[in-house]
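Reading through the structure tokens given below for one structure.
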Amino acid sequence: MHYFRPLLLPGLLLALQLAHFVLPPQAQTAVTLSKSLQHYARDMEFYAQQPRPEALAGILRTFEADGALADSRKQLTLAAFFAQVLRTDPKARRRLLPPPTSVGRDGRRTLAWASHLARLPDEAAVLDQLLTPKDSLLRAQIANSPAPLAAWNIRSEKTVVQMYWSGYMACGDTGLLDTIIHAALHYAHLKATGMQNSRDFAACAAAAASLYDIAPRHPAVQARVQALLPLYSGPEAETLRTILRQ
């Protein structure tokens, strides 16, 4: 990504048996979402099924207590979730901002990203509340990064796939889900045309593999993939059928 240094998500490797996808080693390292959700962020999946703004501060504390937010890349993943909640639920802000005094530096940095991705009208004032002079590098990164989440290029980096998923879990926005599906379709095209060395192959492979894992657990995801299937043929349709276990 030109707006942020390359973001990988180590330590959250998903050991999927994706015989149909035949992912190369560099793409397999990108298939990280659902197992990480079960351990670090299962509350985000629960939130997708039953939104409860009163649970948001607890989600932040859980991530921080687990040490997950020490990794700035995981900060971005959780920030995308909070940003979509802030954008779609007027009750959410008072649950997150200002944060409880128990929230540490990593949690506040996560909320700074969320405030930016949500495009809060008073973003500058919120950042002043959340950050200290020691966070000058983060301020520069935020200032040079796009917003909202939909402005981030999902094909550019594997962590952005994670951000789109967490954003989708926050609000069920079909547009975010469609971006993930279209990245998976691009993976099918690249693979079929022998372009596995393409710069965006790994991120698109991650999108396809995460859909394969998540669709069976989420009826809305499965229904959207099923609805799009008649629009495609060839390797794209084959990939969608694989995701649907057809």
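The table for this structure:
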read-out: Condition broken by Ser145, with the remaining ones in (1) in contact with a Gly (Cβ under 9 Å, 6 or more places away or on another chain); (2) closer than 17 Å to Phe81 by Cα satisfied; value: (1)
read-out: Selection from the stretch 83-108 of residues that are assigned to a helix (DSSP H, G or I), out of contact with any Leu (no Cβ under 6 Å at 6 or more places or on another chain) and buried (at least 19 other Cβ atoms within 10 Å of the Cβ); value: Gln84, Val85, Leu86, Arg87
read-out: Out of Ala30, Ala48, Ala15, Ala55, sole residue that is modelled with pLDDT under 90, assigned by TED's automatic domain parsing to the domain that holds Thr242 and surrounded by fewer than 23 Cβ atoms within 10 Å (Cβ to Cβ); value: Ala15
read-out: Leading residue by the ranking (surrounded by the most Cβ atoms within 10 Å (Cβ to Cβ)) among those in the stretch 156-215 that are among the aromatic types (Phe, Trp, Tyr) and closer than 25 Å to Ala83 by Cα; value: Trp165
read-out: Options Ser115, Ser136; residue that is assigned to a helix (DSSP H, G or I), of a type in the set (S, T, N, Q) and crowded, with 20+ Cβ neighbours inside 10 Å; value: Ser115
read-out: Among (1) under 29 Å from Arg119 (Cβ atoms); (2) surrounded by fewer than 22 Cβ atoms within 10 Å (Cβ to Cβ); (3) not assigned by TED's automatic domain parsing to the domain that holds Ala48 - the single one Gly234 does not satisfy; value: (1)
read-out: Leu78 vs. criteria touching a Phe, Trp or Tyr at 6+ places or on another chain (Cβ under 6 Å) and closer than 24 Å to Ala220 by Cα; value: yes
read-out: Among residues of the stretch 194-246, those that are among the basic types (Lys, Arg), more than 19 Å from Ser166 (Cβ to Cβ) and either at pLDDT 95 or above or part of a helix (DSSP H, G or I) (or both), counted; value: 1
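The values are calculated or read from the model by the stated rules, or taken from the named source; none is laboratory data. In this text the structure is predicted, and so the values were computed from the model without any measurement. FYI the Cβ positions are ideal-geometry reconstructions off the backbone, even for glycines, and counts take in every protein chain you see.
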